[in-house]
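Shown next, in structure tokens, is the structure this report addresses.
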Amino acid sequence: MLLPDPDDRSDAIAEWVSVEILPHEREARRWLTRSRLPVETDDIIQEAYARIAALDSVSHIRNGRGYFLATVRSLALQHLRRTKIIRMDYLADLALSQIGDDRPGPEAIVWSRHEIQRLILSLPERCRDIFHLCRIKGYTQKEAAEALGISENVVEKQIARAMEILTVRFSRDGDAS
Amino acid sequence: MIVSGAEDGNAIDRIAAEWAGRSLLGLAPEERAALAAWRAADPRHAGSYLRAVAIGKLAVKAHTEDRQAVAEPVPAHGEAAPRSFVLSRRRLLGAPLAVSLALAVGLGVYHQFMADRISTERGEIRNVALSDGSAAVLNTVSTIDVRMEPARRTIDLVTGQAWFDVAHDPARPFEVHHGDMIVRATGTAFQVSALQDGMEVVVTEGTVVVLRAGGASPIAQLRAGQRLTVEQGQVQQRSLDPIHVEQSLAWQQGMIVLDGEPLAAAVEKVNRYNDIQIEIATAQLGSRRVYGTFRARDPEGLAKAVAIALDAEVEKTDDRILLK
């Protein structure tokens, strides 16, 4: 088959997202919270990622942060128009115009690496060890199970648990909005 | 906060995480089909799954870089490490621990960086993510020095005004220093402003303790909604209405709230944001009180409003606006 494997394509996009988008997710979440728009933050963030997932390629996007923040802003406006509330106070009005006006700094990228390290360290010990073997060292499920003398089923469960903790906590500032 | 009727975002992220974990371990063809169907069922599913996979990749990246920072290569840890080898269980069980330790050392190395200086120019309001997970927002013409150390987090407010949203970490107190005053927090949000001869603190979440440098016991403890000023050594503490707390944070939205202060003081505030400076012709006009919410970057707007409200005249040149 000559067509590119859709899995390869989405893998390349996920790779790009991990560098260009994830560091700025927190900024987008905070902006949504601060804007006090009557919209659901999680929905908008997920839909913004869905826009990227639907792309054939991301090579045309020069500035991931700008792209992501602009997408979040336009989705927030769409959601807002769907609600029955017409009046927005001036803060929301203003905050809308302000997203992404700050200079992007290397802080965001450093922060994202730091955040993920912090979350990995926060995993329960066994969960963290299994995650290390499979994710970082590249063991297969079977190899990890044999190495640790546990069933493959346990490996699968613990990996799911690790991923759940990382994805639910990443960028969410303690308690979920 | 409005909760949408159907699935909540957290629940979607949980399912997406489980899928990302399973695809990490390798999916059977029928699982692949099930995943594709789930992703297609709702755009949020596809988005959440992409995010989860990317977070998994970020974990590998952060780890790899950390290894480089530690600069103490451990054999058999190369990225292309051979898969088919036999190791004793003891060594294997030790390995993750060693990795965790290396991670911890790596974080330590990171924290030994010298102070990072962050500044804003005139008219600039800047959001900064600090490496410990805290956030700072700097107002116009402000400077902070950030020092992240293993046992504490120290910020020097050199000039201006900044609001901090502190990541909770009881083991590493978060301190903001200005002059001989120290504001200490563990996990909370507050704002510190440099005054002519002192400092102002407004707490928006949680509590902070205020100390004098070298002093053993705190001089004050502040709760959310409280404000403390130290001016020429005089300490004043009071509770603010929620509206006043909002107002003191309005600059983060680029707004200035004038709450009955003399026009001269209001103009001084606005001038901190703009190259075009407002000047007031007479002391009498400068003493008139002004109310309202204004965009900090729109001196002309303020001048026009003042002209209408106080029956003054506006004279505009290239770099200044004269009110008379």
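The values are calculated or read from the model by the stated rules, or taken from the named source; none is laboratory data. Computed from a predicted structure; not experimentally measured. Counting neighbours? That spans all protein chains shown, and the Cβs are built from the backbone with ideal geometry, glycine included. Side chains included, ligands, DNA and RNA excluded: accessible areas come from the protein's heavy atoms. Shrake-Rupley method; radii C 1.70, N 1.55, O 1.52, S 1.80 Å.
A few points about this structure:
- Less than 5 angstrom separates the built amide H of B:G187 from those of B:D169, all sequence-distant by 5 or more or on a different chain.
- Occluded residues from region B:22-42, i.e. those whose accessible area drops by 20 Å² or more once the chain is not alone (1.4 Å probe): B:R22, B:L24, B:L25, B:R32, B:R39
- Three-way shape call for region B:206-301 based on the alpha-carbon gyration tensor, with the a/c threshold at 1.5: prolate
- Take B:293-299, A:160-166, B:49-55, A:52-58 and order them by the average number of nearby Cβ atoms within 10 Å per residue, most first; the result is B:49-55, A:160-166, B:293-299, A:52-58.
- Within straight-line cross-link reach of B:K61, lysines at Cα separation under 27 Å, skipping those fewer than 8 residues along the same chain: A:K137, A:K142, A:K157
- Accessible area expressed per residue, region A:105-177, with surrounding protein chains retained (probe 1.4 Å, Å²): 40
- Residue-wise HN-Hα couplings along region B:294-307, as the Karplus relation 6.51 cos²θ - 1.76 cosθ + 1.60 with θ = phi - 60° gives them from phi, are 10, 6, 4, 8, 10, x, 5, x, 4, 4, 5, 4, 5, 4 Hz; Gly and Pro carry x.
- B:K304-B:H244 pseudo-label distance in nm [points 7 Å out on the Cα-to-Cβ vector]: 3.2
- Computed from protein heavy atoms with a 1.4 Å probe, the total accessible area buried between B and A is close to 6900 Å².
- Whether region A:105-177 is rounded, prolate or oblate, judged on the alpha carbon gyration tensor where a/c under 1.5 counts as rounded: prolate
- Extension gain from A:S122 to A:R9, taking 0.36 nm per residue of separation minus the Cα-Cα distance: 37.5 nm
- Fully extended contour minus Cα-Cα distance, from B:D169 to B:R288, at 0.36 nm per residue: 38.2 nm
- Spin-label pair B:D180-B:Q232: with each label point 7 Å from Cα along the Cα-Cβ axis, the two points sit 1.6 nm from one another.
- Stokes-Einstein diffusion coefficient of region B:116-245, Kirkwood radius over Cα pairs, 37 °C, 0.692 mPa s, in µm²/s: 226
- With a Förster radius of 22 Å applied to the beta-carbon distance between B:E30 and A:I150, the computed FRET efficiency rounds to 0.30.
- Sites B:K324 and B:V158, calculated FRET efficiency, Cβ-Cβ separation with R0 41 Å, nearest 0.05: 0.70
- Per the Debye calculation on region B:254-323 with a single equal scatterer at every Cα and no solvent contribution, log₁₀ I(q)/I(0) for q = 0.18 Å⁻¹ amounts to -0.57.
- Label-to-label distance for A:K157 and B:D311 is 8.2 nm, based on points extended 7 Å past Cα in the beta-carbon direction.
- For residues of A:144-156, the mean tally of beta carbons on other chains within 10 Å: 2
- Within straight-line reach of B:K269, meaning a Cα separation under 24 Å, sit the following lysines at least 8 residues removed in sequence or on another chain: B:K304, B:K316, B:K324.
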